[in-house]
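Below is one structure; the comments refer to it alone.
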Amino acid sequence: MASKKFLPSRSNLSTASDASEPQQGKPPLPPPHVTFARRTSSGRYVRYSRDSRDSRDDLDSELSSAEYMNYTVHIPPSPDNMPMDPSISQKVEEQYVSSSLFTGGFNSVTRAHLMDKVSESEANHPQMAGAKGSSCAIHGCDGKAMSDERGQDVLPCECDFKICRDCYIDAVKTGGAVCPGCKEPYNAADLDEMPEDRRPLSLPPPAGMSKMERRLSLMKSTKSMLMRSQTGDFDQNRWLFETKGTYGYGNAIWPKEGAFSDDKDDGIHEPEELISKPWRPLTRKLRIPAAVISPYRLLIFVRMVVLSLFLMWRIKHKNKDAIWLWGMSVVCEIWFAFSWLLDQLPKFNPVNRSTDLAVLKEKFETPGPYNPTGKSDLPGIDVFVSTADPEKEPPLVTSNTILSILAADYPVEKLACYVSDDGGALLTFEAMAEAASFANLWVPFCRKHDIEPRNPESYFNLKRDPYKNKVRPDFVKDRRRVKREYDEFKVRINGLPDSIRRRSDAYHAREEIKAMKMQRQNARDDEPMEPIKVRKATWMADGTHWPGTWLHPAPEHSKGDHAGIIQVMLKPPSDEPLQVIADETKLLDLADVDIRLPLLVYVSREKRPGYDHNKKAGAMNALVRASAIMSNGPFILNLDCDHYIYNSQAMREGMCFMMDRGGDRLCYVQFPQRFEGIDPSDRYANHNTVFFDVNMRALDGLQGPVYVGTGCLFRRIALYGFDPPRSKDHNTGFCSCCLGHRKRKASVANTPEENRALRMGDDDDEEMNLASFPKKFGNSSFLVDSIPVAEFQGRPLADHPAVKNGRPPGALTIPRDLLDASTVAEAISVISCWYEDKTEWGHRVGWIYGSVTEDVVTGYRMHNRGWKSVYCVTKRDAFRGTAPINLTDRLHQVLRWATGSVEIFFSRNNALLASSKMKLLQRIAYLNVGIYPFTSVFLIVYCFLPALSLFSGQFIVQTLNVTFLVYLLTITLTLCMLAILEIRWSGIELEEWWRNEQFWLIGGTSAHLAAVLQGLLKVIAGIEISFTLTSKSAGDDLDDEFADLYIVKWTSLMIPPITIIMVNLVAIAVGFSRTIYSTIPQWSKLLGGVFFSFWVLAHLYPFAKGLMGRRGRTPTIVYVWSGLISIIISLLWVAIKPPSGNNSAIGGSFQFP
């Protein structure tokens, strides 16, 4: 494996050092001379002198002399100075990038390790890293010959001499651009004979223009298609559009009189023939029927009034016999009413939405006057997949998620997938390589037969008929072959841990033998032999050390201490569709099937001791920066490693909202989370349908749903911390009619067009200053230059007068920039551990730090700046994932969410401190997010009140009179009616609503209380909160899909619910005993206490059932608790003394033994 250093640029070779005299033992330095060089596209200089074939060290010593100064003569390109075809050189550079593993970080040199292979399996796809190919014909070189996107050899000379990339560059640099085979000079390609898509798009850019600025200028150049010509006259050549009819009169579009008058919209008009077709929106808002929503809103007000009257009545009518019982109950009921109000008010205006994918295709992928070729004009999407521990997040699950992304129905050249491995594990790396290899077969198979879902594990485990609606005659044969290949793929993935361990052990044994031989050779006869100590490294498939975390941790190779790693697993696809050549040896007949694969990149950010890496939020921000440099998609879709794409058109559905009128003010599109592998009864409310189908739909009618951590399509510039477009156009203050308002509008008018939508800050007079970007985003000029490009590409089409801040049609049909080594080296620098120092990353830019639930805080910050979000519920689930069905895992998951909410409440992200840009009901919703865990304190007290009532013989009211019963009945009926109406407009089922109510009490009496205590400890004592990853693995019983459901794993979170159950059961027994043995039985008080005790026990039933374990396999803990409860009840029964004949005390006397 070769290694290449990326040292500081030597474009200015006139730099001198202070070394003046040659060292002893070295030949004298040559006399001063002039170096002739040609400047490459990456900014480096290639020397032409034949006598400069010395090593880099000799070159450094040559440049270190102070007696003279070398200088470079820049020879501009000319017809006789073009030694290589630009298209070949760019593709060769991209091939080199895809076959190299880039590493680097703090105080280390960025290196590109050229890898022969990335896994034990063969790489068959030409886009894949380590793909097989012809060998270089240069004697003594074992490199691979250059190849194109089809994997076919690139032959730069007519003699068909096969040469690798490094030898080709050496021949150009130092060999006089002479072919090593035929000894003839390389000929430049004639541009007139080049294909249309390979011709230069514009004149060479002016000096000093960056790559991102050049791309922005190319995209904006298409805007001239909508403008008048520079002379002010109508440009007929630009407006001429050939129709499907014959040539002649009537087949061209001509302007009408006054069509290009100077008016407020800069004279931008479309021909009447083009706009005669009615403008169609991409999305529609579906209102809830009035027959459902009107009674729903009325019932909310009715219940508010009834609750107010009830609480007033409760406060006035005290229970003087048990004032302590009355006081606790009233305080709890007031808090419950307040909590219900916070939860119910944001549900006042629920909405449903729909998308029109046919209109999206018509606008962005249909040939037209501004897009004659019909290339996709959709913006790019970068998909982020995050994983941290291959033991808790199995590589097979992550690989299936990656395969579903690569097979998604979105333009291949506009899609990129980045996998963040925060553990730096070789297991994840090689699993990705295996997934990329299998994608060569799986993705074309999905495209050929329209497979759904495009996760192979889920697809092959479908319960329905897989042959339904399949019209191709070869589908059965293809499916059988792909299934066989997938079974082998699973075997390879599951065998990777043992394979890596055996390989590392073998290499380690070889290193030990080599060290022992060296020791024997260097040792003297009289010296004793010392034991050999060789670090037990983890080895890659090409026989080199893995730069990440080793199986046996060592310095600079542990989970918290390793270099940054970037590997382009699948290099960027070509701009045009790629179809395989007919070959009977292939497994599948892929004729007329595009075999291109999206860009796939493995990223493991650098970690060093002493740095706060900020967990998942820090990993996501590293991906934001790396992706901005490598692909810079204006939209970002983030997924957990266990959430795969279930609907291949999900990204198109989300893009309908972003590209619709007003879509430039949307910060993200949130999709609902759907889960697989949940038990049919959904014992612990894992589906969480009340939240995703009720609360989130309701928030969609306000400022938008909250961000829930996965399945979310972001606008990149919203993550960068910018304000939404036109946020300063309307001043909300009542003094805005003064001079300040007009001055602000003038300043906006003077701001460059590309910067008008890039505003950051709350000051109305703040102007965009690109010079301040390094302080906010870091010192990477690549990253800063990419920001205006991402903003421009993310704009909706300017195809309607109401579309503000739009972009011209056809602007995104230009080919992307090819990926070179300097770009990936820059991406390595932005994922280093020191990059975020003294910047706003994690504070205003990117995912926000400081909370366990970084997702909610990140969405809150966007809404607080005035952005809106949208909830996209598709007919076919967009994404599906897994959820913990084990009771203990579920409680720990809820604990983490609740702890994050407590952190939000005690931080500056509290909704009480929100800005005026956030709507009132949206603020109430975020306030409820931070307050709901505190309900657990009152809930636990209220769950003990029935038992205390039965023990004491008293009740929360003096007597069960008619007024109390009427209030109680009315409150209960209104709650039930509200639930029924919510079920009507949300589409959930009654059982799902009841499961949610049950787990609300289970979580409230266990995890939420612990979260409040942890939050208080962090605020008061400064004790940091740690959490563990939720395991995505299944149970040990492979025959039972729900084996994990019955596993009883003890946790301290179970103590409060168990105590509540025991106390209430004992209290019911005591209450019945007291009443039976009483002279004057008080059945009303008994029934009141028993009713509320059964209410508590009914909600805790799933929890008690979880303690029972599997049917027929009752765990020992159940017998222990049963015996303990029986003993306690027996002792209490003995302690109850029946009243004597002359004792008139109600209920007799009760004392503990």
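Go through the range 1006-1032 and count every residue that is modelled with pLDDT under 70 and hydrophobic (A, V, I, L, M, F, W, C).
The total comes to 3.
In the list 564, 548, which residue meets the criterion of being within 23 Å of residue 630 (Cα to Cα) and touching a Lys or Arg at 6+ places or on another chain (Cβ under 6 Å)? It would help to see each step written out before you state the result.
On the way: 548 fails: touching a Lys or Arg at 6+ places or on another chain (Cβ under 6 Å).
Going through 564, 548 in turn, the sole match is 564.
Just for the range 521-553: of the residues that are open to solvent by 20 Å² or more (accessible area, probe 1.4 Å) and among the hydrophobic types (A, V, I, L, M, F, W, C), which one is nearest to residue 427 (Cα to Cα)?
Checked the range 521-553; the qualifying residue nearest to residue 427 (Cα to Cα) is 551.
Hey, residue 363 hits all of (1) open to solvent by less than 40 Å² (accessible area, probe 1.4 Å); (2) touching a strand residue (DSSP E or B) at 6+ places or on another chain (Cβ under 8 Å); (3) over 30 Å from residue 293 (Cβ atoms) but one; which does it fall short on?
(1)
So if I check each of 493, 451, which one is open to solvent by less than 70 Å² (accessible area, probe 1.4 Å), touching a helix residue (DSSP H, G or I) at 6+ places or on another chain (Cβ under 7 Å) and either at pLDDT 95 or above or part of a helix (DSSP H, G or I) (or both)? Quick ask: steps written out before the conclusion?
Numbers: 451 fails: either at pLDDT 95 or above or part of a helix (DSSP H, G or I) (or both).
On inspection, the qualifying residue turns out to be 493.
So in the range 319-329, with the set limited to residues that are aliphatic (A, V, I, L, M) and crowded, with 17+ Cβ neighbours inside 10 Å, which one is farthest from the chain's Cα centre (by Cα)? Step through it out loud before you land on a result.
Looking only at the range 319-329, we keep the residues that are aliphatic (A, V, I, L, M), and these are 322-323, 325, 328.
Okay, now just the ones that are also crowded, with 17+ Cβ neighbours inside 10 Å, so 322, 325, 328.
Numbers: 322: 55, 325: 50, 328: 45 Å.
That would be 322.
Would you say residue 602 is open to solvent by less than 20 Å² (accessible area, probe 1.4 Å), more than 26 Å from residue 283 (Cβ to Cβ) and in a loop (DSSP other than H, G, I, E, B)? Break it down stepwise before answering.
On the way: open to solvent by less than 20 Å² (accessible area, probe 1.4 Å): yes; more than 26 Å from residue 283 (Cβ to Cβ): yes; in a loop (DSSP other than H, G, I, E, B): no.
When the stated conditions are applied, residue 602 does not pass them.
Which condition number does residue 458 fail, the rest of (1) surrounded by 18 or more Cβ atoms within 10 Å (Cβ to Cβ); (2) outside any loop (DSSP other than H, G, I, E, B) being met?
In the conditions (1) surrounded by 18 or more Cβ atoms within 10 Å (Cβ to Cβ); (2) outside any loop (DSSP other than H, G, I, E, B), residue 458 misses (1) alone.
So residue 795 ticks every box in (1) more than 30 Å from residue 368 (Cβ to Cβ); (2) outside any helix (DSSP H, G or I); (3) modelled with pLDDT of 90 or more but one. Which box is left unticked?
(1)
For the range 653-693, how many residues meet the condition of being of a type in the set (Gly, Ala, Ser) and open to solvent by less than 20 Å² (accessible area, probe 1.4 Å)?
Summing the residues that are of a type in the set (Gly, Ala, Ser) and open to solvent by less than 20 Å² (accessible area, probe 1.4 Å) in the range 653-693 gives 3.
Checking residue 1043 against (1) aliphatic (A, V, I, L, M); (2) at pLDDT below 70; (3) within 51 Å of the chain's Cα centre (by Cα); (4) surrounded by 14 or more Cβ atoms within 10 Å (Cβ to Cβ): exactly one of these is not met. Which one?
For residue 1043, the exception is condition (2).
Output yes when any residue across the range 624-639 is within 29 Å of residue 473 (Cβ to Cβ) and assigned to a strand (DSSP E or B), and no when none is. Spell out the reasoning first.
So the first thing to find is which residues in the range 624-639 are within 29 Å of residue 473 (Cβ to Cβ), and the list is none.
No, that holds for no residue.
Quick check on my filter: what residues within the range 464-488 are touching a residue at least 60 places away in the same chain (Cβ under 8 Å) and out of contact with any Pro (no Cβ under 9 Å at 6 or more places or on another chain)?
Here is the first cut: in the range 464-488, the ones touching a residue at least 60 places away in the same chain (Cβ under 8 Å) are 474, 478, 481-482, 485.
Once the filter is applied, which keeps residues that are touching a residue at least 60 places away in the same chain (Cβ under 8 Å) and out of contact with any Pro (no Cβ under 9 Å at 6 or more places or on another chain), the range 464-488 yields 474, 478, 481, 485.
Would you point out which residue out of 396, 378 is surrounded by fewer than 23 Cβ atoms within 10 Å (Cβ to Cβ) and touching a residue at least 24 places away in the same chain (Cβ under 8 Å)? Outline the logic, then answer.
Values: 378 fails: surrounded by fewer than 23 Cβ atoms within 10 Å (Cβ to Cβ).
Exactly one of 396, 378 is surrounded by fewer than 23 Cβ atoms within 10 Å (Cβ to Cβ) and touching a residue at least 24 places away in the same chain (Cβ under 8 Å), namely 396.
Does residue 306 fit the bill of being more than 30 Å from residue 286 (Cα to Cα), of a type in the set (Val, Ile, Thr) and either open to solvent by less than 30 Å² (accessible area, probe 1.4 Å) or not in a helix (DSSP H, G or I) (or both)? Break it down into steps so the answer makes sense when it comes.
Working: more than 30 Å from residue 286 (Cα to Cα): yes; of a type in the set (Val, Ile, Thr): yes; either open to solvent by less than 30 Å² (accessible area, probe 1.4 Å) or not in a helix (DSSP H, G or I) (or both): yes.
Yes, satisfied.
With (1) more than 20 Å from residue 573 (Cβ to Cβ); (2) more than 21 Å from the chain's Cα centre (by Cα); (3) touching a residue at least 40 places away in the same chain (Cβ under 8 Å) as the list, and residue 440 as the residue in question, which single condition is left unmet?
With respect to (1) more than 20 Å from residue 573 (Cβ to Cβ); (2) more than 21 Å from the chain's Cα centre (by Cα); (3) touching a residue at least 40 places away in the same chain (Cβ under 8 Å), residue 440 is out only on (1).
Each row is one residue, and each column tells you yes or no for (1) closer than 22 Å to residue 423 by Cα; (2) modelled with pLDDT of 85 or more; (3) hydroxyl-bearing (Ser, Thr, Tyr).
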site: 532; (1), (2), (3): no, no, no
site: 546; (1), (2), (3): yes, yes, no
site: 586; (1), (2), (3): no, no, no
site: 595; (1), (2), (3): no, yes, no
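Report yes if residue 956 is part of a loop (DSSP other than H, G, I, E, B) and either open to solvent by less than 30 Å² (accessible area, probe 1.4 Å) or under 30 Å from residue 868 (Cβ atoms) (or both), otherwise no.
The answer is yes for residue 956.
Can you tell me which residue within the range 820-845, out of those that are at negative phi and of a type in the set (Gly, Ala, Ser), is surrounded by the most Cβ atoms within 10 Å (Cβ to Cβ)?
That would be 827.
Out of all the residues in the range 1046-1067, which are open to solvent by less than 30 Å² (accessible area, probe 1.4 Å), in contact (Cβ under 8 Å) with a residue 60 or more places away in the chain and closer than 17 Å to residue 895 by Cα?
Scanning the range 1046-1067 gives 1051, 1053, 1054.
The values are calculated or read from the model by the stated rules, or taken from the named source; none is laboratory data. As the structure is a computational prediction, the values presented were derived from the model and not from experiment. Quick reminder, even Gly has a Cβ in these numbers, built from the backbone with ideal geometry, and neighbours come from all protein chains shown. Heads up: the accessible areas ignore ligands, DNA and RNA and are worked out on the full protein's heavy atoms, side chains in. Shrake-Rupley method; radii C 1.70, N 1.55, O 1.52, S 1.80 Å.
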